[in-house]
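The values are calculated or read from the model by the stated rules, or taken from the named source; none is laboratory data. Bear in mind that the values here come from a model prediction, so they are computed numbers and not experimental data. As a convention, Cβ positions derive from the backbone with ideal geometry for all residues, glycine included, and neighbour counts pool all protein chains shown.
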Amino acid sequence: MKKVFALCIGVLLFVACEQDTLVPEIEEINIDQTTLAKKGVKVDVCHKGKIINVSVNSLSGHQVHGDAVDMDGDGYFDIENDCSDVDCDDTDATVNPGMVEVCDDGIDNNCDGEVDEDCGPVLNEGEVLSANGRIWMDRNLGATQAATSSMDADSYGDFYQWGRATTDFTTVTGFPYDWSSPQNDNLWQGVNGVNNPCPDGFRIPTEAEWNEERLSWNSYNAAGALASPLKLPMAGYRHRSNGAVDAVGSFGDYWSSTVSGTRSRYLAFDSSTAFMNTYDRAYGFSVRCLKD
Ligand SMILES: [Ca+2]
Ligand SMILES: [Ca+2]
Ligand SMILES: [Ca+2]
Ligand SMILES: [Ca+2]
């Protein structure tokens, strides 16, 4: 008697998968009613490697039989099947193994089991990612905001004599034109360097790092500097001999940590050009910190 009953169930399920119109309504399994309503009366089912379009009323029968269903209509079925890779979210057609991962949305868009993979580093507030994949501060040291234009005074920040920990300024008129006597080439070298004025984990960029940044701009001038992720303004500089501030809004001068003889290297730009140059360490230039 039991055998006969089991046979009847087996036949019933087989029929359910072959001829959905004959199957009585069974309580639906794992079906989103909203999606159902949106989708209409028929959905795709993967039955033995073949995609068939069936009435929603017959879905339960198919699912009990082990068939996979594509409720959101994106062409991917909800469980292991012979028709497609598995849809990890069968209620959302924008999520399936054929999608490209979208960054920073907290969703595994491409169903590879990883959320927001290959999206680069996570930025903290006040940080920007350069075109070369480095993390910088989004503003000059001492500035209250990132630049909104090349002549945005709130983005200028402070001037630092090369190698100095603070904005203290010593006027200098005699060779070798350095506030530090004797000269010390080992200031500002790396994140643990002496007198590093940057916040924890940041340091003064080397000449090579500045030049790499410059070469990533769409134009080698102030417009390119502003258009870059760093949004570098033309803050001007402070003169070594009298401490006067000059070239505000017409020149950008940014120290590197690299020394050159008695002087040091820096990035310079104006409206027409941008280049690496060498200058006296007693000049006050802008500082932009790079994450180590
Ligand atoms: Ca699907
Ligand atoms: Ca989906
Ligand atoms: Ca993913
Ligand atoms: Ca994502």
Check: Just checking, how many residues over the range 94-130 are modelled with pLDDT of 95 or more, among the aliphatic types (A, V, I, L, M) and more than 10 Å from ligand 3 (Cβ to nearest atom)?
Finding: 2
Next item on the list: Kindly list, by first and then second residue, each pair from a residue in the range 125-146 that is touching a residue at least 60 places away in the same chain (Cβ under 8 Å) and over 21 Å from residue 218 (Cβ atoms) to a residue that is assigned to a strand (DSSP E or B) and of a type in the set (Lys, Arg), limited to pairs with Cβ atoms under 7 Å and residues at least 6 apart or on different chains.
Entry: 127/291
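Could you please let me know if residue 86 is within 15 Å of ligand 2 (Cβ to nearest atom) and over 30 Å from residue 191 (Cβ atoms)? First the steps, then the outcome.
On the way: within 15 Å of ligand 2 (Cβ to nearest atom): yes; over 30 Å from residue 191 (Cβ atoms): yes.
Yes.
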Item checked: Residues of the range 180-200 satisfying the condition of being surrounded by 12 or more Cβ atoms within 10 Å (Cβ to Cβ) and under 22 Å from residue 140 (Cα atoms) -> 187, 188, 189, 190, 191, 193, 194, 195, 196, 197, 198, 199
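Report whether or not residue 237 is in the same structural domain as residue 209 (by TED's automatic domain parsing) and buried (at least 21 other Cβ atoms within 10 Å of the Cβ). Talk me through it step by step, then tell me what you get.
Details: in the same structural domain as residue 209 (by TED's automatic domain parsing): yes; buried (at least 21 other Cβ atoms within 10 Å of the Cβ): yes.
In short, yes.
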Checklist line | Output for the range 240-267, where each listed residue is surrounded by fewer than 22 Cβ atoms within 10 Å (Cβ to Cβ), touching a Gly at 6+ places or on another chain (Cβ under 8 Å) and of a type outside the set (S, T, N, Q) | finding: 243, 245, 246, 247, 248, 249, 251
Next item on the list: Would you please name the residue that is farthest from ligand 4 (Cβ to nearest atom), looking only at residues in the range 102-130 that are over 13 Å from the mean Cα position of the chain (by Cα) and of a type in the set (Asp, Glu)?
Entry: 112
Notebook entry, point to check: Which numbered condition trips up residue 113, out of (1) within 11 Å of ligand 1 (Cβ to nearest atom); (2) of a type in the set (Gly, Ala, Ser); (3) more than 25 Å from residue 55 (Cβ to Cβ)?
Noted result: (1)
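In contact with a strand residue (DSSP E or B) (Cβ under 7 Å, 6 or more places away or on another chain) and either part of a loop (DSSP other than H, G, I, E, B) or at pLDDT 95 or above (or both) - does that describe any residue in the range 27-39?
Going through the range 27-39, the residues in contact with a strand residue (DSSP E or B) (Cβ under 7 Å, 6 or more places away or on another chain) turn out to be none.
Scanning the range 27-39 turns up no residue that is in contact with a strand residue (DSSP E or B) (Cβ under 7 Å, 6 or more places away or on another chain) and either part of a loop (DSSP other than H, G, I, E, B) or at pLDDT 95 or above (or both).
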